[in-house]
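The block underneath contains the structure these notes are about, expressed in structure tokens.
The values are calculated or read from the model by the stated rules, or taken from the named source; none is laboratory data. Since the structure is predicted, the reported quantities are computational estimates derived from the model, not experimental observations. For neighbour counting, all protein chains shown are included, and Cβ atoms are generated from backbone atoms with ideal geometry for every residue, glycine included. Protein only, heavy atoms only, side chains kept; ligands, DNA and RNA dropped before computing areas. Shrake-Rupley method; radii C 1.70, N 1.55, O 1.52, S 1.80 Å.
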Amino acid sequence: MKTYQIVLLPGDGVGPEVTAVARAAMASVAAICGFRLTFSEHAIGGASIDQYGAPLTPQALAACQASDAIFLGAVGGPKWDQAVSRPEAGLLALRKALQVYANLRPVSVHPALAGKSPLRAELVAGVDMLIVRELTGGIYFGARQKGQDYASDECAYNRAEIERVAHIAFQQARLRRGKLTSIDKANVLETSRLWRSVVSEMGAKTYPDIALDHIYVDAAAMHLLRDPASFDVIVTENMFGDILSDEASMLPGSIGLLGSASLGDKRPGVFEPIHGSAPDIAGQDKANPFGAIESAAQLFESGLGEIEAARRLRAAINAMHEAGEWTADLGGSLNCSKAGTRLLQHLERMRVYLKR
Ligand code: IPM
Ligand code: MG
């Protein structure tokens with residue numbers, strides 16, 4: 001039987017709670033689809049600092065490198081705010097070491113969620129976008145200086161870094177509605193001017209079939225609320241993508257719904273919900289596990305090429321939306337683990353009729 005090695009990095013806060021639900025969902029779908037998953041768990045972030053004194057140990061990284069795919073819960077929390085090396089540094093080191101330079105964050109609004117968004121229902125109806133965020137460059141990884149009264153963070157990009165992530169975005173646009181919006185701050189930043197010229201060149205030379213436009217990040221933040229359904233694929237640098245994807249997460253009504261895939265040129269990819277560790281609700285079984293389950297679907301789809309498994313997970317999530325089976329962030333009455341149990345029941349119920 002085909003077997004895949006999955007590394008679980010539950011991390012901090014609500015990370016372990018949503019990871020437990022995702023693990024059960026992945027195992028159940030694998031059994032239905034006829035392949036095997038072996039899981040190994042490692043600490044990352046604050047959990048790793050507490051256990052080993054560092055946010056990512058060489059052992060955990062080695063296990064990740066030897067795996068077929070990595071599922072990550074969340075990292076960070078106020079407990080480690082004063083730590084010499086912060087929990088977030090573990091996640092950044094993992095992304096860099098694995099060279100997962102493209103972070104795919106799909107945002108869509110299921111019709112049953114109409115009315116859940118803080119935006120008017122007619123505004124978010126039909127939203128279906130994919131944010132492609134550059135993940136291993138830019139200001140997150142530039143040189144830093146820290147003094148008593150002075151600090152600096154450098155933002156740098158080279159052509160190759162821009163090209164590889166833009167290729168992924170153009171190709172995704174081809175698979176979707178053929179529209180790509182590149183977001184930058186080319187009216188101010190040199191890195192953005194390089195970004196815009198490289199992406200334009202690629203559009204003209206290699207992807208003339210894609211409708212490419214460029215907008216400034218401040219205007220993009222506004223258009224995401226004014227006319228979110230007009231976006232198809234977005235490509236942008238690391239920090240702009242971090243900020244805009246949190247903004248976009250409010251379109252379906254809860255950041256707890258969204259998953260992400262961090263991909264490089266080869267396995268393993270890293271799959272994680274985009275919500276953080278939510279320390280305020282940690283340990284209370286209140287977190288929304290849908291973002292983690294959607295991340296598991298992405299793990300199957302783009303991490304392992306197990307398309308049928310991804311389809312089943314998403315069908316089960318949609319069934320729950322249709323039945324109004326939600327956690328408290330969406331006005332529902334389920335807790336995290338109960339939502340996980342319901343999902344398994346839907347998977348079981350759809351076992352037969354989803355088969356082709
Ligand atoms: C994200 C998170 C991370 C980031 C943090 C935890 C370092 O906000 O994945 O969006 O900024 O990339
Ligand atoms: Mg973020």
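List of remarks:
- Complete set of residues in region 217-263 that are of a type in the set (D, E), surrounded by fewer than 23 Cβ atoms within 10 Å (Cβ to Cβ) and within 23 Å of V165 (Cβ to Cβ): D218, D232, D242, D246, E247
- Taking the listed residues E237, E294, E272, the one that is within 11 Å of ligand 2 (Cβ to nearest atom) and not hydrophobic (A, V, I, L, M, F, W, C) is E272, with no other qualifying.
- Elements of type helices (runs of 4 or more DSSP H) in region 37-143, at least 3 residues being aliphatic (A, V, I, L, M): 58-65, 87-98, 121-124
- Scanning region 253-279 for residues that are away from ligand 1 (no atom under 11 Å from the Cβ) and either modelled with pLDDT under 95 or polar (S, T, N, Q) (or both) yields G253, S254.
- Looking only at region 23-42, residues that are closer than 30 Å to S85 by Cα and either open to solvent by less than 30 Å² (accessible area, probe 1.4 Å) or of a type outside the set (D, E) (or both) come to 4 in all.
- Any hit, region 111-132, residues being surrounded by fewer than 21 Cβ atoms within 10 Å (Cβ to Cβ), within 16 Å of ligand 2 (Cβ to nearest atom) and among the hydroxyl-bearing types (S, T, Y): no
- Complete set of residues in region 267-316 that are more than 20 Å from Q345 (Cα to Cα), among the aliphatic types (A, V, I, L, M) and in contact (Cβ under 8 Å) with a residue 12 or more places away in the chain: V270, I274, A278, I281, A282, L299, L304
- For E201, the criteria (1) within 16 Å of ligand 2 (Cβ to nearest atom); (2) free of Cβ contacts under 8 Å to residues at least 24 places away in the same chain hold in every case but one, which is (1).
- Each residue in region 309-333 was checked for being of a type in the set (D, E) and over 20 Å from the mean Cα position of the chain (by Cα), and 2 of them qualify.
- Restricting region 39-84 to residues that are among the acidic types (D, E) and over 22 Å from F300 (Cα atoms), the residue that is nearest to ligand 2 (Cβ to nearest atom): D81
- When region 43-57 is filtered for residues that are out of contact with any Pro (no Cβ under 9 Å at 6 or more places or on another chain) and crowded, with 22+ Cβ neighbours inside 10 Å, only L56 remains.
- Counting the residues of region 245-254 that are near ligand 2 (Cβ under 10 Å from one of its atoms), in contact (Cβ under 8 Å) with a residue 60 or more places away in the chain and over 16 Å from I168 (Cβ atoms) gives 1.
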